[in-house]
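The values are calculated or read from the model by the stated rules, or taken from the named source; none is laboratory data. In this text, all values refer to a predicted model and were calculated from it rather than measured experimentally. Because the Cβ atoms are built from the backbone with ideal geometry, glycine has one as well, and the counts that use them run over all protein chains shown. Surface accessibility is based on the protein's heavy atoms, side chains included, excluding ligands, DNA and RNA. Shrake-Rupley method; radii C 1.70, N 1.55, O 1.52, S 1.80 Å.
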Amino acid sequence: MNSGEPISKPDLYVLARIIKVLKERQKLNRTALATATGLSYDRLIRYLEWMEGKEFVQFDAEGDITLTKKGAKTYDDLVKWILQYVGKVRFPKI
Amino acid sequence: MKKAWLLLVLILVIATQWTFLSAFHSVSESQITNETSAVVISKANYAFMRAHIEIFPEYIVNYTAQTLQQANVTLTFQDGSQKQITENYAFDVFLTRTASHFGSISAVTPGYSILISDDHPINAAVMSNVSEDFFTYGVGSSYLLDRIDVYWFKIEGDAHVSISGYGLAI
Amino acid sequence: MEQNLTAKMEMLMTALDQVRKYKEIVASMADFAVITALSIATALAFLMLAKFGVLFGWFNPWDGIAGLLALLTVIVLVGGVVFAGFWVNRRVRHVKVGQWKPTLEEGAPGAIKLLQELNWENIFKDIRRAKMGFTIYGLTRVFISWLIIAVVLNFAAGFLSSIVHVAEINLTLTMDLLSVVIAVFINRKDLQKRYEQVGNLDALLWELRWFDNEFRRADFET
């Protein structure tokens, strides 16, 4: 499944998109996931490799992708983390 | 950046216009004359001036004819020419710029308070009951006339004289 | 939680849209000044033409042409300022806002994308410009109001003095001072509003500076 340079620092937006789609659709094959996330196939594969290494996603026998509990938690942590900062900003009426 | 330059140019134009507009002056005078009177239009020699003069001879009652008629008024101009009027009469006088002047002036025609200065470079006055000396030694004299220009005429008779003067001092 | 995030992001992006509109007001101040200056220069040209015309006997002060020139002076001056105001308004209305909405509809990923794309240094610069712009805007508004009121009052005073013959009294200074009082009075609410907006923009600047600082320092560990 190796498809080029490995990802050193992933784009949080791409990561969040993949996880969100997997959360909503439960199980998808690579092509359907690439279409749903709007990513090129090659880019998706590189992200999936990286996510598999971190145990965020897993592949079944048919090659379909599912989100792990760790992956779902990471997504929730990411949202919580951003909210921790954005939530503290007060917006004066301008 | 282009707008900043355009604005700068416009501000300079406005400042120039404003300065130029402040060089315009106006004066108005309205008087009743009787017997011998003088109308004196004066200006600093560096100014242009137009004066619009209106003369309304007084109405008198002719008891014999039971009518209302205007008085006989005689105008005598600087060159000695005369004009008889028995009805409303108006004319314009234009005094051109005759010399350049630098520095301030404050001129008073001899014996009569026709004040000309940088702040008031034009003047118009109607003087009632003046003596013949006024025309000979007053406005007629050459004293100070290198600094100011004077136009005058004599009015004999009862009338209402109205003068509107406009000047440009540059 | 995700809804909380998108709601907060919506507030942030709306505030930034508002800053963009304010920035446009500042940017259009140059247009406003040019149009106003152009109308003042044109009005003064008409006034000069009227004065020259009378002086050199092209027409009399009581002629229709002199009246027309006086009327044109007022129309050009007032019309120029009104047009400049419309022009600024038009530019502000054409500022594209809410372009972030489709991205935010994606939910948390959209919020992340928007946060990643924000250029904080430019935003802080825009807020600072908006603050300065409001101060200039408030003062310009008072000045322009004063100018219009002064022209109208002096015009009315000139007309009045020609009727009641009070030419000996110099009404110009009185009318100019009265115009200042009226201009400040009619703009008092706007001045107060601008003052509060400058304060609120200041508060927003501090809040966003804090956010940028904290958010940039923190790193999400996956």
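Overview of values
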read-out	value
Between segment B:4-31 and segment C:142-160, the alpha-carbon center distance in angstrom	17 Å
Cα-centred dipole magnitude for segment A:12-86, charges only on beta-carbon of K, R (+1) and D, E (-1), debye, nearest 20	260 debye
Using a Förster distance of 45 Å, the FRET efficiency for residue B:147-residue C:92 (Cβ separation, nearest 0.05)	0.15
Loss of accessible area when C meets A, both sides summed, Å² nearest 100, probe 1.4 Å	3100 Å²
Candidate aspartates and glutamates - alpha carbon under 15 Å from residue C:51, same-chain residues fewer than 8 apart omitted	C:63
Segment C:83-187 - charge dipole about Cα centre, Lys and Arg +1 at Cβ, Asp and Glu -1, debye rounded to 20	360 debye
Shielding by other protein chains, B:32-38, mean Cβ within 10 Å	0
Å² per residue, accessible surface of segment C:1-118 at 1.4 Å	48 Å²
Greater than 26 Å apart at Cα, pairs in A:27/A:70; A:9/C:113; A:27/C:8	A:27/C:8
Relative contact order [Cα under 8 Å, 6+ residues apart], chain A, whole percent	29 percent
Pairs of alpha carbons in the protein assembly as shown whose separation is greater than 29 Å (percent)	68 percent
Top positive-direction residue, dipole computed over chain A with Cβ charges, set A:40, A:81, A:67	A:81
Lysines whose Cα lies under 17 Å from that of residue B:83, excluding same-chain neighbours fewer than 8 positions away	B:154
Table column - 3J(HN,Hα) (Hz), segment B:84-96, Karplus curve with 6.51, -1.76, 1.60, x for Gly and Pro	9, 10, 10, 9, 4, 9, 9, 8, 10, 10, 10, 9, 7
Entries in A:88/C:193; A:88/C:131; C:96/C:125; C:101/C:131 that, when Cα-Cα distance is taken, lie over 21 Å	A:88/C:193; A:88/C:131; C:101/C:131
Inter-site label distance for residue C:155 and residue B:30 at 7 Å from Cα along Cβ, in nm	2.4 nm
For residues of C:10-17, the mean tally of beta carbons on other chains within 10 Å	2
Residue (of B:59, B:93, B:160) at the positive-pole extreme of chain B, dipole from beta-carbon charges	B:93
Cβ-derived FRET efficiency at R0 30 Å, residue A:76 paired with residue A:43, nearest 0.05	0.80
Per-residue HN-Hα couplings for segment A:31-39 [Karplus 6.51, -1.76, 1.60; θ = phi - 60°; Hz; x = Gly/Pro]	5, 5, 5, 4, 5, 5, 8, x, 9
Given charges at beta-carbon only (K, R positive; D, E negative), |dipole| of segment C:1-118 in Debye	140 debye
Carbon/sulfur fraction of accessible area - segment C:1-88, other protein chains in place, 1.4 Å, %	71 percent
Area buried, chain B against chain C - accessible surface, total, 1.4 angstrom probe, square angstrom	1800 Å²
Over chain B, relative contact order from alpha-carbon pairs under 8 Å, at least 6 apart, %	44 percent
Straight-distance crosslink candidates among aspartates and glutamates, where the alpha carbon sits under 14 Å from residue A:80 and sequence neighbours closer than 8 are dropped	C:2, C:219, C:221
Distance in nm between pseudo-label sites at residue B:90 and residue C:30 (7 Å out along the Cβ direction from Cα)	5.2 nm
Mean separation of Cα contacts under 8 Å (6+ apart) over length of chain C, as relative contact order %	25 percent
Average beta-carbon neighbours from other chains, 10 Å sphere, peptide C:111-124	2
Share of carbon and sulfur in the accessible heavy-atom surface of segment A:12-86 [1.4 Å probe, %]	47 percent
Buried on assembly, segment A:65-93 (at least 40 Å² less accessible surface than by itself, 1.4 Å probe)	A:79, A:81, A:82, A:83, A:85, A:86, A:89, A:90, A:91, A:92
Per-residue ³J(HN,Hα) for segment B:12-25, Karplus 6.51 cos²θ - 1.76 cosθ + 1.60, θ = phi - 60°, Hz, x for Gly and Pro	5, 4, 4, 4, 5, 4, 5, 4, 5, 5, 6, 7, 7, 9
Selected from C:80, C:49, C:59, residue furthest toward positive end of dipole (segment C:1-126; charges at beta carbon)	C:59
Peptides ranked, highest mean first, by Cβ atoms within 10 Å: ranges C:109-119, C:62-72	C:109-119, C:62-72
